[in-house]
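Visitor: I have a structure here, written as structure tokens, and I will follow up with some questions on it.
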Protein chains: 2
Amino acid sequence: MNNRAALEERHTGAPRTRQTVTIKHVAAEAGVSLQTVSRVINNGPNVTPVVRERVQAAVAKLGYFPNLAARRLGGSRSYLLMALNDREPTVAGWREGRGNDWIDQMLLGGMLTCAEHGYRMIFELVDSHSDKMVDQIQAALSALRPDGVILTPPHTENAAIADILLRNGVPFARLGSRTEGEGLSIAMNDALAAATAVDHLAELGHKRIGFITGSRDYLASIDRLAGYRGAMDRHGLFDPALVAEGDFGYASAVQAFETLSAIQSPPTAIIASSGEMALAVLAMARKLDIPVPEALSIVSFDDTPTVRMSAPPLTAIHQPIAGMTSLAAEMLIQIKDGRSDLSSGQILPFEFVVRGSTGPCRS
Amino acid sequence: MNNRAALEERHTGAPRTRQTVTIKHVAAEAGVSLQTVSRVINNGPNVTPVVRERVQAAVAKLGYFPNLAARRLGGSRSYLLMALNDREPTVAGWREGRGNDWIDQMLLGGMLTCAEHGYRMIFELVDSHSDKMVDQIQAALSALRPDGVILTPPHTENAAIADILLRNGVPFARLGSRTEGEGLSIAMNDALAAATAVDHLAELGHKRIGFITGSRDYLASIDRLAGYRGAMDRHGLFDPALVAEGDFGYASAVQAFETLSAIQSPPTAIIASSGEMALAVLAMARKLDIPVPEALSIVSFDDTPTVRMSAPPLTAIHQPIAGMTSLAAEMLIQIKDGRSDLSSGQILPFEFVVRGSTGPCRS
DNA sequence: CTGTTAGCGCATTCAC
DNA sequence: GTGAATGCGCTAACAG
């Protein structure tokens, strides 16, 4: 026994007792060829029920489970889907304790759907703003050879990423993108969501409804603003002074809040393009003793745990992140399966959740 | 071209242009044997610097990245670590929008450390309370053949899990467990943390310090209670009526709060064994118009995003979850490497973060 | 419907 | 210090 084996044994406290059960053992046990076992495992055709059952019995008896690496090497699929996210903001969210609802919801939707199909989702972080990004992605693709890749904003619209995926022949889904282009696009209707928020506030009697935009790098920001603008026009309420620029982050919303507070006739309601920005507005209101929702209504464009648990809990647009990821996984797996009953350009419904941060206009 | 290939091509929009670069191509390019390339890639010995550089140049030129599946199949390692979590509570946390700070911090610590070593962390959910649990774990082990497994509470103390890991010869780390036993144990000092909370409150003049326990299934709950008890005794403040039972969940803390409020001389401060329970106490206080921290101080035993963002933000014990996971990954990889400068039974420091929910006792 | 053959890309073992 | 042979566990292509 070599050194490493000894060390491993020491750390596991016992010699290997369970030696690997392979397809070979199953074949011997069932008295069939390797290929037949493979067929049964993969639900292939051309196996008589009798043989199938005999093989399945052998599988169960021996406790056989196929080895992913071998399947990948021999066959044409890896049973792996890769979810790509931007490293810097993702890590920052975790590290600074802000949480990362988008990631959590992706895991929820992606992992469960993958599991249903015998797939696994591997979560991969890349440095989007580095020139090494393409290399990092190529390395991950070469190492893992995933059967599909799930892209999230802002990668969604990134041409370099689409290009390398294309060159590698890997199907991919772009979450949160309604643009035409390569890859499956799966999104929600951001404009409609913004309009819904406006309608809700207008119904409560608000005339001065402020809007804090998201980062311009995100197409969704543009859509949200357009939806807001359209709805405000429809109600005859639009005023450019009611729009302040933000970047999804807390600090930018503090700034935006101050801008909006300083105008001639300040808003009695504010729609913030992210959860963090909505929380910033709430914090500012608290600081200035502005009661919410009595003197100021707030709508958040994310329905994160902190948004739900704030005081008061915020009225929010609940984006179907888990649903989009789940659908993406489903579709990518279908492509590998050679089926494709689902078409690209999917739009999933959002939910508008009314909570304590919006109320009748009293001024 | 078969059906599936055509479908994939349609969905990727282009034929494969980048065909796989293997070690073979690199060997040809560098004019050496496969084996030499393998040595260079794995930083093996017995390669002259000249040859090494020639190979590295070829690798860079061709854009070669090793294929994980092939490495695993040919060699003795998978470059995979598996993090095991309980499905039901994990999914519930995501689904109900409560968030899942433990998971987030694990990802932070585990993924980054794995990445540093060319490893990947695969996140796996198992049904701990099902009789299929062992089969699920065996299936995951057989499929992935991870080089190590990271266990979290309450799996940490589960004998069936340790047993199957042992039988598969897979090294593992138990997070949040200070007990002796198989596998590496990495934990924090829960008792000391509870004592620190008591000391903090006692210094603020509190005499009636309540404690809400966590679920008994978790060893940490016992430790926390013991630490509380010890510190209270030390200050001469212990009273069994000040301890109420909880199970980490919101509802249980509402109940516990009512119990504590009903005693002869109710607590002026409460230590809750989880973030959710602390938030429940805060919500109850708000509901009953009990000002925090003026009339009631609150300490949380988790430092989650919602705990930080509440009003007021809660004083909390920050557990080193990312650090524990990172250390676990580091140690497991070292075992595979045949090195082991680190020993089992690691205790990592926690942080006690004072925020707005604790203040001087005024009664 | 079933079995045989070949090979995926790499690390390991042994020659040289 | 380097190269050649062997096989990991499985699926694909073909033969029967």
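Visitor: Gap in Å between the Cα centre of the range A:266-295 and the Cα centre of the range B:61-116?
Guide: Result: 38 Å between the Cα centres.
Visitor: Given Cα pairs under 8 Å that are at least 6 residues apart, what percent is the relative contact order of chain B?
Guide: Computed over chain B, the figure is 15 percent.
Visitor: Taking θ = phi - 60°, what integer Hz values does the Karplus form 6.51 cos²θ - 1.76 cosθ + 1.60 yield along the range B:122-128, in sequence order, with x for Gly and Pro?
Guide: Along the range B:122-128, the couplings run 9, 9, 10, 9, 10, 8, 5 Hz.
Visitor: Then there's this: Using a 1.4 angstrom probe and counting only protein chains, how large is the accessible area of B:Trp102 in Å², to 10?
Guide: B:Trp102 has an accessible surface of roughly 60 Å² with all protein chains in place.
Visitor: Still on this structure, please answer the following. Dipole magnitude of the protein assembly as shown about its Cα centre, charges +1 at Lys/Arg Cβ and -1 at Asp/Glu Cβ only, in debye to the nearest 20?
Guide: Charge dipole, the protein assembly as shown, about its Cα centre: 2180 debye, nearest 20.
Visitor: Tell me what chain B gives for mean residue ellipticity at 222 nm when only DSSP H runs of n ≥ 4 count, each as -39,500 (n - 2.57), the sum divided by the residue total, rounded to 500 deg cm²/dmol.
Guide: -14500 deg cm²/dmol
Visitor: In the range B:190-318, if the dipole is taken from +1 on Lys/Arg beta carbons and -1 on Asp/Glu beta carbons about the Cα centre, which of B:Met232, B:Ser310, B:Ser261 is farthest to the positive end?
Guide: Positive-most Cα among the choices belongs to B:Ser261.
Visitor: A further question follows. Quick one: angle between helix B:190-203 and the longest Cα principal axis of chain B, in degrees between 0 and 90, rounded to 10, please.
Guide: 40
Visitor: Using the Kirkwood radius over Cα pairs, work out the Stokes-Einstein diffusion coefficient for chain B at 10 °C and 1.306 mPa s, in µm²/s as a whole number.
Guide: 68
Visitor: Let me ask another. With each pseudo-label sitting 7 Å past Cα toward Cβ, what's the A:Lys24-A:Asp131 distance in nm, one decimal?
Guide: Each label point lies 7 Å from its Cα, and together they span 5.0 nm.
Visitor: Here's something else I'd like to know. Measure out, as a whole number of angstrom, how far apart the alpha-carbon centroids of the range B:298-340 and the range B:186-257 sit.
Guide: Using only Cα atoms to place each centre, the spacing works out to 20 Å.
Visitor: Next up: Count, for each residue of B:164-172, the Cβ atoms from other chains sitting within 10 Å of its Cβ, then give me the mean as a whole number.
Guide: Across B:164-172, the average partner-chain Cβ count within 10 Å equals 5.
Visitor: Sorted by mean Cβ packing within 10 Å, highest first, what order do the peptides A:103-114, A:171-182, B:122-133 take?
Guide: So the peptides A:103-114, A:171-182, B:122-133, ranked by packing, come out A:103-114, A:171-182, B:122-133.
Visitor: Further question on the same structure: What order, most packed first, do the peptides B:224-230, B:272-278 have when packing is the mean number of other Cβ atoms within 10 Å of each residue?
Guide: B:272-278, B:224-230
Visitor: Measure nothing fancy, just the Cα-based angle from helix A:49-62's long axis to the longest principal axis of chain A, in degrees from 0 to 90, nearest 10.
Guide: 80
Visitor: Something else now. Hey, what's the Cα Rg ratio for the range B:190-318 versus the globular rule of thumb, 2.2 N^0.38 Å?
Guide: Computed over Cα atoms of the range B:190-318, the ratio equals 0.92.
Visitor: Then there is this: Mind checking which lysines have their Cα closer than 22 Å to the Cα of A:Lys24? Skip sequence neighbours fewer than 8 apart in that chain.
Guide: A:Lys61
Visitor: So, one more: Please give me the summed charge of the neighbours of A:Leu219: other residues whose Cβ is under 13 Å from its Cβ, Lys and Arg +1, Asp and Glu -1.
Guide: Overall, the nearby charge balance is -1.
Visitor: Determine ³J(HN,Hα), in whole Hz, for all residues of the range A:175-181 in sequence, where each value follows from phi through the Karplus function 6.51 cos²θ - 1.76 cosθ + 1.60 and θ = phi - 60°; x replaces Gly and Pro.
Guide: Values per residue, Gly and Pro as x: 7, x, 10, 9, 6, 5, x Hz.
Visitor: Pull up the DSSP beta bridges for chain A and report the antiparallel fraction as a percent, rounded to 5.
Guide: 10
Visitor: While we're on this one: Run the label-point distances for B:Asp217 please: 7 Å along Cα to Cβ, every other copy, nanometres, shortest first.
Guide: The projected label point of B:Asp217 is separated from its counterparts by 4.1 nm.
Visitor: So what's the net charge close to B:Ala193: Lys and Arg +1, Asp and Glu -1, counting the other residues with Cβ under 13 Å from its Cβ?
Guide: Cβ neighbours under 13 Å give a net charge of -4.
Visitor: Convex hull volume of the Cα atoms in the protein assembly as shown, per residue, in Å³?
Guide: Here the figure is 181 Å³ per residue.
Visitor: Another question, if that's okay. Rounded to the nearest 20 debye, what is the charge dipole size of the range A:270-339 about its Cα centre when +1 sits on each Lys and Arg Cβ and -1 on each Asp and Glu Cβ?
Guide: Roughly 100 debye, rounded to the nearest 20.
Visitor: At A:Gly345, label 7 Å along Cα→Cβ: distances to the other copies, nm, ascending?
Guide: 6.6
Visitor: What is the range A:285-363's relative contact order, in percent, from Cα pairs under 8 angstrom and six or more apart in sequence?
Guide: It rounds to 43 percent for the range A:285-363.
Visitor: List the residues, sorted by chain then number, that are 5 or more residues from B:Asp302 or on another chain and whose placed amide H is less than 5 Å from its amide H.
Guide: Amide H to amide H, under 5 Å and 5 or more residues apart or across chains, B:Asp302 pairs with B:Gly275, B:Ile317.
Visitor: If you add up the charges near B:Ser33, with Lys and Arg at +1 and Asp and Glu at -1, over every other residue whose beta carbon is less than 12 angstrom from its beta carbon, what do you get?
Guide: Residues near B:Ser33 contribute +2 overall.
Visitor: With a cut-off of 11 Å, note down the residues of the range A:96-119 whose backbone N falls inside the zone around a label point 7 Å from the Cα of B:Glu351 toward its beta carbon.
Guide: Residues passing the 11 Å test: A:96-97.
Visitor: Helix B:101-116 against the longest principal axis of chain B: what's the angle in degrees, Cα atoms only, rounded to the nearest 10?
Guide: Once rounded, one gets 30 degrees.
Visitor: Among B:Ser130, B:Ala140, B:Trp94, pick out the residue whose Cα is farthest towards the positive end of the charge dipole of the range B:73-151, where Lys and Arg carry +1 and Asp and Glu carry -1 on C-beta, about the Cα centre.
Guide: Looking along the dipole axis, the top candidate is B:Ala140.
Visitor: Oh, and also: Relative to the Cα centre, what is the charge dipole magnitude of the range A:190-318, using +1 at the beta carbon of each Lys and Arg, -1 at the beta carbon of each Asp and Glu, and rounding to the nearest 20 debye?
Guide: Computed about the Cα centre, the dipole is about 200 debye.
The values are calculated or read from the model by the stated rules, or taken from the named source; none is laboratory data. As the structure is a prediction and not an experimental result, all values here were calculated from the model. Ideal geometry is used to build each Cβ from the backbone, glycine not excepted, and the neighbour counts take in all protein chains shown. Side chains are part of the model used for accessible areas, which takes the heavy atoms of the whole protein and leaves out ligands, DNA and RNA. Shrake-Rupley method; radii C 1.70, N 1.55, O 1.52, S 1.80 Å.
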